[in-house]
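The values are calculated or read from the model by the stated rules, or taken from the named source; none is laboratory data. Just so we're clear, the structure is a prediction, and the values are computed from it rather than from any experiment. Cβ placement follows ideal geometry from the backbone for every residue including glycine, while neighbour counts extend to all protein chains displayed. Note: accessible area is taken over every heavy atom of the protein model, side chains too, but ligands, DNA and RNA are not part of it. Shrake-Rupley method; radii C 1.70, N 1.55, O 1.52, S 1.80 Å.
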Amino acid sequence: MSLTKLTVSALAIAAVSATAASARDQVQVAGSSTVLPYASIVAEAFGENFDFPTPVVESGGSSAGLRRFCEGVGENTIDIANASRAIREKEVAACAENGVTDIVEVRIGYDGIVFASRIDGPAYNAFSPSDLFNALGAKVLVDGQLVDNPHTKWSDFNADLPDADIIGFIPGTNHGTREVFEEKVIAAGCEATGAFQAMMDAGMSEDDAEDACLATRSDGLSVDIAGDYTETLAQLSANPNGIGVFGLAFYENNQDTLKVATMDGVMPSTASISTGEYPVSRPLYFYIKEAHIGVIPGLKEFASFFVADELAGPDGPLAEYGLVSDPALAETQATVAGAGS
């Protein structure tokens, strides 16, 4: 969905028209903590280079940002939602119920999800999805039997991993990162270890088995982080054996305190993500409320600036910060240019 063009209700149009004369003069953005640093860089540069105020950029997670985005149309609602996953059908429906029926999807590039530990902690040099599932899954396969996860050390199921206590800090369900973590790591590990098939053999439906695969242990060894990556970093500071889930850019900007593991033998990097070699990567987005274009000053200009070659291209500052430039960036630029027309 590059540009969702539905019919804006007459009520929504009236609401926007009524606020046009006294509309906010500052673009408001909220959502993904992964997209946050990129959006903040662009917002600061936009404020310095255009005759518009610097946009206000907040975090809170992809789901929270999209929930705010879908609250309605008008200057008391945000203009852009950042997301580290695509908007869901149920979110599009929730938006429509509140009059937000013109949504422009903008893919800014790609990012990788990495597994990092304290630089002075145990040597978690290599992981596979099976390792993360065996460490953090609620039910795992042991000696052919599906049981509540008994593992307390990484070496319990993989002798090549350290004899260190398991403690994983994973993104909370409000984060788009969680969806990618579940799909490309936990679900993949569940299938690779045979646990998924064991669940099916035990009489579960395919849907129930998929849900069971994604369940994480509740004994304190898998900890959901509702905040941003700085909270995960703080947890690692207090837990020397811990493993945290981060976006590539955050890790690259904290290499003085973190060290990263490979996934399936591939080191995460801009290069390995751009080629698709690194298996745990995802596209990053922001969503524009098209009804606000022409009403909130600078909204379209900010969106266009965000995806300009000078910012989001392979030689731009966002790439220097860890964003993997989208090969289809020109198509995205055309989508933004056509929005609101």
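Structure above, values below:
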| quantity | calculated |
| --- | --- |
| Given [x] 20.2, 80; [y] 21.5, 70; [z] 19.4, 60, the label whose value is Rg and Dmax of the Cα atoms in Å derived from this model | [y] |
| Cα-only Debye scattering, segment 130-204: base-10 log of I(q)/I(0) at q = 0.17, 0.27 Å⁻¹ | -0.67, -1.27 |
| Helix-only mean residue ellipticity at 222 nm for the chain, each DSSP H run of n ≥ 4 adding -39500 (n - 2.57), per residue, nearest 500 | -9500 deg cm²/dmol |
| Accessible surface of segment 69-123, 1.4 Å probe, proportion on carbon and sulfur as whole % | 44 |
| Length added when fully stretched, Gln145-Gln255, from 0.36 nm per residue minus Cα-Cα | 35.6 nm |
| Beta bridges per DSSP with both ends in the chain, % antiparallel, nearest 5 | 70 |
| FRET efficiency, Asp51 to Thr230 (Cβ-Cβ, R0 25 Å, nearest 0.05) | 0.15 |
| Kirkwood Rh in Å, taken over all unlike Cα pairs in segment 194-336 | 18.9 |
| Cross-link table Lys153/Lys259; Lys90/Lys300; Lys184/Lys259, entries beyond 23 Å C-alpha to C-alpha | Lys90/Lys300 |
| Probe 1.4 Å, accessible area per residue of segment 230-296, Å² | 36 |
| Cleavage-rule hits, GluC sites (Glu not before Pro), segment 245-341, DSSP coil, Cβ neighbours within 10 Å at most 16 | Glu277 |
| Span-like helix ranges in the chain, DSSP H, alpha carbon extent 18 angstrom or more, Kyte mean at least -1.0 | 36-49 |
| Share of carbon and sulfur in the accessible heavy-atom surface of segment 250-341 [1.4 Å probe, %] | 51 |
